[in-house]
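Participant: First the structure, then my questions, so here it is.
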Amino acid sequence: MTFTLGTVEARQSPQALFDEANTLMENGQLNEAMNLYRDIYESGNVSGGLFLNMGITAVQLDSMGLAKFYFLKARDFETTTSQAEQALEYVNSQFSRQSAMLPKLPWDKAIDWINHVPGASGLLILGFLITLCGLVLLYACWFGSFTFSTFSTYIISLIVAGSLLAGLAFYADYVDQRYDEAVLIENSRRVYETADLNSPLVSIAYEGYDLTVDNWKSSESQDWLYVRLGNGQFGWILQDGIKTL
């Protein structure tokens with residue numbers, strides 16, 4: 001039984017579709033369940049529970065790379081973070097080949113935290129407000145309300161701190177726009193020095209490998225992605241079979 005988005009949306013709510021997909025999954029109709037889950041996803045009605053169940057369905061379909069992708073999506077939702085983490089531990093243990101992973105530098109961790117917690121816009125607003133406080137004090141000194149020598153340290157500190165935070169916000173947004181995390185869901189893909197099947201081989205990526213996609217550089221070549229592997233190597237890989245988070 002196949003469902004199409006146009007017909008089901010006219011007669012069923014996303015929650016009703018979700019319940020129907022869950023029933024199909026419980027009854028072992030995995031492909032039909034996954035089709036319904038995808039219809040819900042494509043309609044924009046996403047949730048942690050949806051991605052979690054898509055991951056569970058992918059596990060039962062023996063598509064571990066796809067399951068990892070959906071569990072990573074589910075991890076971003078507070079309601080399913082714990083369950084997704086446990087599921088990821090299981091899925092990662094099922095891959096026959098494990099990718100060497102370099103630990104993230106403290107600077108990279110800080111940028112990730114900025115983009116996921118306050119967000120670049122939130123940090124930019126904070127930097128603007130701090131800078132504004134410093135400028136208000138400076139203007140007050142100019143108009144004679146205060147003496148600059150008394151508040152010079154505070155004024156300079158506020159302006160410098162605010163400017164640094166604003167600059168950091170712009171950089172965090174740049175990183176967020178340029179790079180995306182991705183997962184390989186196919187059995188394997190060759191990574192080349194250039195976007196050419198005849199170029200020298202850099203490495204081989206296997207199902208479940210974590211990749212970092214450089215969106216700007218990837219735009220230079222159609223059907224290819226420029227990626228960084230977990231071990232720090234860079235190269236070009238065909239985009240078919242790669243799911244971007």
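The values are calculated or read from the model by the stated rules, or taken from the named source; none is laboratory data. Predicted model, so just to flag it, every value in this text is computed and none were measured. As a convention, Cβ positions derive from the backbone with ideal geometry for all residues, glycine included, and neighbour counts pool all protein chains shown. Protein only, heavy atoms only, side chains kept; ligands, DNA and RNA dropped before computing areas. Shrake-Rupley method; radii C 1.70, N 1.55, O 1.52, S 1.80 Å.
Participant: Can you name the residue in region 213-237 that is surrounded by 15 or more Cβ atoms within 10 Å (Cβ to Cβ) and either in contact with a Phe, Trp or Tyr (Cβ under 6 Å, 6 or more places away or on another chain) or acidic (Asp, Glu) (or both) and, of all such residues, is farthest from Leu184 (Cα to Cα)?
Facilitator: Lys217
Participant: Give region 39-74 a look and list any residue that's among the small types (Gly, Ala, Ser), over 17 Å from Gly208 (Cα atoms) and open to solvent by 20 Å² or more (accessible area, probe 1.4 Å), or say none.
Facilitator: Ser43, Gly44, Ser47, Gly49
Participant: Would you point out which residue out of Phe69, Phe18 is part of a helix (DSSP H, G or I) and touching a strand residue (DSSP E or B) at 6+ places or on another chain (Cβ under 7 Å)?
Facilitator: Just a single option satisfies the conditions, and that option is Phe69.
Participant: Of all residues being touching a strand residue (DSSP E or B) at 6+ places or on another chain (Cβ under 9 Å) and either loosely packed, with under 12 Cβ neighbours inside 10 Å or in a helix (DSSP H, G or I) (or both) in region 84-101, which is modelled with the lowest pLDDT? Just the residue, please. Break it down stepwise before answering.
Facilitator: Within region 84-101, the subset touching a strand residue (DSSP E or B) at 6+ places or on another chain (Cβ under 9 Å) is 95-101.
In the following step, the residues that additionally are either loosely packed, with under 12 Cβ neighbours inside 10 Å or in a helix (DSSP H, G or I) (or both) were identified as 96, 100.
Details: Ser96: 82, Ala100: 71.
Ranking the qualifying residues of region 84-101, first place goes to Ala100.
For every residue, the table says whether it meets (1) open to solvent by 40 Å² or more (accessible area, probe 1.4 Å); (2) in contact (Cβ under 8 Å) with a residue 40 or more places away in the chain; (3) not acidic (Asp, Glu).
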site	(1), (2), (3)
Ser121	yes, yes, yes
Phe143	yes, no, yes
Thr147	yes, no, yes
Thr153	yes, no, yes
Ala172	no, yes, yes
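Rundown of residues vs (1) within 30 Å of Val91 (Cα to Cα); (2) crowded, with 18+ Cβ neighbours inside 10 Å; (3) within 18 Å of the chain's Cα centre (by Cα), yes/no style:
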site: Val160; (1), (2), (3): no, no, no
site: Asp176; (1), (2), (3): yes, no, yes
site: Val191; (1), (2), (3): yes, yes, no
site: Asp196; (1), (2), (3): no, no, no
